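Asks: Once you've had a glance at the structure underneath, I'll fire off some questions.
The values are calculated or read from the model by the stated rules, or taken from the named source; none is laboratory data. As the structure is a computational prediction, the values presented were derived from the model and not from experiment. Heads up, the Cβs are rebuilt from the backbone with ideal geometry, glycines too, and the neighbour counts pull from every protein chain shown.
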Amino acid sequence: MPDRVLAVLTAPAAGGEADEPYRFVDPAVPLVSAVDLGVTRGDGVFETLGVGEGRAQAVDAHLARLTRSAAMLDLPAPDEEAWRSAVSAVADQLSGHVEAFVKLVYTRGVEGTGQPTGWVLGSPSPDHTVARTEGVRVTVLDRGLSHDSAGNLPWLLQGAKTLSYALNMAAGREARRRGVDDALFVSSDGFLLEGPTSNLLIKDGDRLITPSTSLGILAGTTQAAAFRFASGQGMSTSYEVLPRDVLESADAVWLLSSVRNAAPIREIDGVERRIDVGFTAALNAYLLARRE
């Protein structure tokens with residue numbers, strides 16, 4: 001079974017003409033131009049989907065978010081059907097792996113051509129068993145912006161999943177420098193936001209809560225699935241503007257992402273947190289089995 005699968009979109013933007021929506025390419029062969037704006041300026045967007053036994057998860061939600069992110073960058077609207085076809089084909093090639101992931105990359109293309117580029121790369125997932133069962137330790141980092149800045153500063157592209165991920169990667173390195181596994185951003189005025197590559201989920205009694213997307217955070221596909229799971233369990237769900245001290249009274253807290261799924265937070269800045277083992281196991285079982 002292949003360890004890496006790559007499909008290049010023939011015409012990634014809506015309205016393009018192509019005999020075939022994609023072509024498979026040897027992932028070991030150089031592909032991207034050195035003057036592609038996705039490389040030189042991070043001028044593009046991406047998505048990462050989980051794959052379970054050859055079936056891509058939450059495809060509609062990820063393609064909708066790819067389209068929203070593209071619009072925020074004034075990129076041409078992606079051809080969602082072409083991308084869907086490529087995602088399905090790449091995921092199918094990974095059917096021999098219990099868990100895998102597929103990454104969609106859509107850039108402005110080679111400077112001066114006006115032609116965007118796009119590709120879909122699939123690979124087996126790392127083993128996230130420890131994070132899902134034993135939990136992760138996090139540090140809280142100031143993002144440097146007030147909680148109400150998103151509406152006033154649209155050029156900062158808050159809420160878009162762009163290729164400009166240097167800040168997110170720097171936050172992850174800072175977390176590791178502090179001897180922990182991950183980070184959690186707060187606004188400069190003390191409101192909860194998101195992780196560098198994840199959404200925050202909080203359990204308070206029979207409620208599940210997540211920070212509001214009005215704060216300029218990325219709308220999470222896995223978080224949305226967690227809310228559907230909770231509703232099926234008779235719980236209420238809510239998007240809210242949450243001060244940092246909510247973490248202290250919460251019954252349990254998780255970081256959610258498409259590949260790691262639900263990682264319970266077991267320590268925040270050196271303070272141990274309780275893990276809800278039963279709810280975590282049930283939530284991860286639901287997320288791993290989803291095909292929507």
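Asks: For the subset of the stretch 207-247 comprising residues that are in a strand (DSSP E or B) and among the polar types (S, T, N, Q), which member is surrounded by the most Cβ atoms within 10 Å (Cβ to Cβ)? Step through it out loud before you land on a result.
Replies: To start, the set of residues in the stretch 207-247 that are in a strand (DSSP E or B) comprises 207-211, 236-240, 243.
From what is left, the residues that are among the polar types (S, T, N, Q) are 210, 236-238.
Numbers: Thr210: 25, Ser236: 13, Thr237: 17, Ser238: 13.
My answer is Thr210.
Asks: Next question. Please state which of the following conditions Glu174 fails to meet, knowing it meets all the rest: (1) under 20 Å from Thr133 (Cβ atoms); (2) not in a loop (DSSP other than H, G, I, E, B).
Replies: So the condition that Glu174 fails would be (1).
Asks: Go over the candidates Leu288, Leu283 one by one and state the one that is aliphatic (A, V, I, L, M), modelled with pLDDT under 95 and under 18 Å from the mean Cα position of the chain (by Cα). Step through it out loud before you land on a result.
Replies: On the way: Leu283 fails: modelled with pLDDT under 95.
Going through Leu288, Leu283 in turn, just one is aliphatic (A, V, I, L, M), modelled with pLDDT under 95 and under 18 Å from the mean Cα position of the chain (by Cα): Leu288.
Asks: Related question: Could you give every pair whose Cβ atoms fall below 8 Å, whose first residue belongs to the stretch 221-235 and is in contact (Cβ under 8 Å) with a residue 40 or more places away in the chain, and whose second residue is loosely packed, with under 13 Cβ neighbours inside 10 Å, counting only separations of at least 6 or pairs across chains?
Replies: That search, which allows pairs on different chains as well, returns Ala225/Glu292.
Asks: Let me ask something else about it. Starting from the stretch 137-149, keep only residues that are free of Cβ contacts under 8 Å to residues at least 12 places away in the same chain, then list their pairs with residues that are of a type in the set (Lys, Arg) whose Cβ atoms are within a distance under 6 Å, requiring at least 6 positions of separation or different chains.
Replies: No pair meets every condition.
Asks: Turning to a different aspect of this structure: So, restricting to helices (runs of 4 or more DSSP H) that lie completely within the stretch 26-121, which ones have at least 2 residues that are under 21 Å from Ile217 (Cα atoms)?
Replies: Working: elements: 37-40, 59-72, 80-93.
So the answer is 59-72.
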